[in-house]
1. Please verify whether PRO44 is within 12 Å of the chain's Cα centre (by Cα) and either surrounded by 15 or more Cβ atoms within 10 Å (Cβ to Cβ) or closer than 27 Å to GLY145 by Cβ (or both), treating the condition exactly as stated.
2. Within the stretch 114-143, how many residues are within 13 Å of ALA39 (Cβ to Cβ) and part of a helix (DSSP H, G or I)?
3. Taking PHE146 and the conditions (1) touching a residue at least 24 places away in the same chain (Cβ under 8 Å); (2) surrounded by fewer than 16 Cβ atoms within 10 Å (Cβ to Cβ); (3) part of a loop (DSSP other than H, G, I, E, B), which numbered condition does it fall short on, given that it satisfies the others?
4. Need at least 3 residues that are of a type outside the set (Ser, Thr, Tyr) and in contact with a Pro (Cβ under 6 Å, 6 or more places away or on another chain) per element, so show me which strands (runs of 3 or more DSSP E) inside the stretch 1-85 make the cut, counting only ones lying wholly within it.
5. Which one of THR122, THR80 is closer than 19 Å to THR134 by Cα and among the β-branched types (Val, Ile, Thr)?
6. Kindly evaluate LYS152 against the criterion of being assigned to a helix (DSSP H, G or I), modelled with pLDDT under 95 and basic (Lys, Arg).
7. Take the residues in the stretch 86-109 that are part of a loop (DSSP other than H, G, I, E, B) and in contact with a strand residue (DSSP E or B) (Cβ under 9 Å, 6 or more places away or on another chain); name whichever of them is surrounded by the most Cβ atoms within 10 Å (Cβ to Cβ).
8. Taking the conditions exactly as written (among the charged types (D, E, K, R), at pLDDT 95 or above and farther than 17 Å from PHE43 by Cβ), does LYS84 satisfy them or not?
Amino acid sequence: MVTAGTYKKFPLFRGQDRLSRLTKLLLRLGLRYEWNLQAWAVFPNHYHFIAISERPESLRKFVQLLHSSSALGINEIDETPGRKVWFQYWDSRITFAKSYLARLNYVHLNAVHHRVAPIAATYPWCSAGWFERTAEISFRKTIAGFKFDQVKVPDEFEVEADWL
């Protein structure tokens, strides 16, 4: 699982176009670096994703390219070359099935957690809608049954609906 935040938690990716660009870049680079994304949620000032790979050593390159490409793009749009965009990222290897399932639920529902969508599947920059459309109903029910109140994820990011 990976979580990353913008520098000083500033909502640099506010607005539909910016959120869409960052989400598409995340998904495209996931494919390029052979990371099978299982869940993702992208916000104006942070993101989370859970992915599986046979090449875990490629994660650093994947995230570096995600951050450098998105920073160059957003700075070009804002005409602020050289501005620091990303603060850091945290990654954790999930080794227990229950922890994995709880984190899947957490990431899928993160838009609700941050109060930017009443129903996660309606938030276009997360995997909840995709998961709802493609996962077996029994698996969706299993995931939905996992509480995530004990999940320790760096997520002290304030997200306001008007940033979208």
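1. Values: within 12 Å of the chain's Cα centre (by Cα): yes; either surrounded by 15 or more Cβ atoms within 10 Å (Cβ to Cβ) or closer than 27 Å to GLY145 by Cβ (or both): yes.
Taking the combined requirement at face value, the residue satisfies it.
2. We begin by selecting, within the stretch 114-143, every residue within 13 Å of ALA39 (Cβ to Cβ); these are 120-121, 123, 125-132, 134-135, 139-140, 143.
Subsequent filtering for residues that are part of a helix (DSSP H, G or I) retains 120-121, 128-132, 134, 139-140, 143.
Qualifying residue count for the region: 11.
3. Failing condition for PHE146: (2).
4. Working: elements: 2-6, 35-42, 46-53.
Per the criteria, no element qualifies.
5. On the way: THR80 fails: closer than 19 Å to THR134 by Cα.
None of the other options fit; the residue is THR122.
6. Working: assigned to a helix (DSSP H, G or I): no; modelled with pLDDT under 95: yes; basic (Lys, Arg): yes.
Answer is no for this residue.
7. Residues of the stretch 86-109 that are part of a loop (DSSP other than H, G, I, E, B), as a first pass: 92-96, 109.
Still in the list and also in contact with a strand residue (DSSP E or B) (Cβ under 9 Å, 6 or more places away or on another chain): 92, 94, 109.
Numbers: SER92: 14, ILE94: 15, LEU109: 22.
The qualifying residue surrounded by the most Cβ atoms within 10 Å (Cβ to Cβ) is LEU109.
8. Working: among the charged types (D, E, K, R): yes; at pLDDT 95 or above: yes; farther than 17 Å from PHE43 by Cβ: yes.
Yes: the conditions hold for LYS84.
The values are calculated or read from the model by the stated rules, or taken from the named source; none is laboratory data. What you see is a predicted model; the values in this text were computed from it and never measured. Note that we place each Cβ from the backbone using ideal geometry, even for glycine, and neighbour counts take in every protein chain shown.
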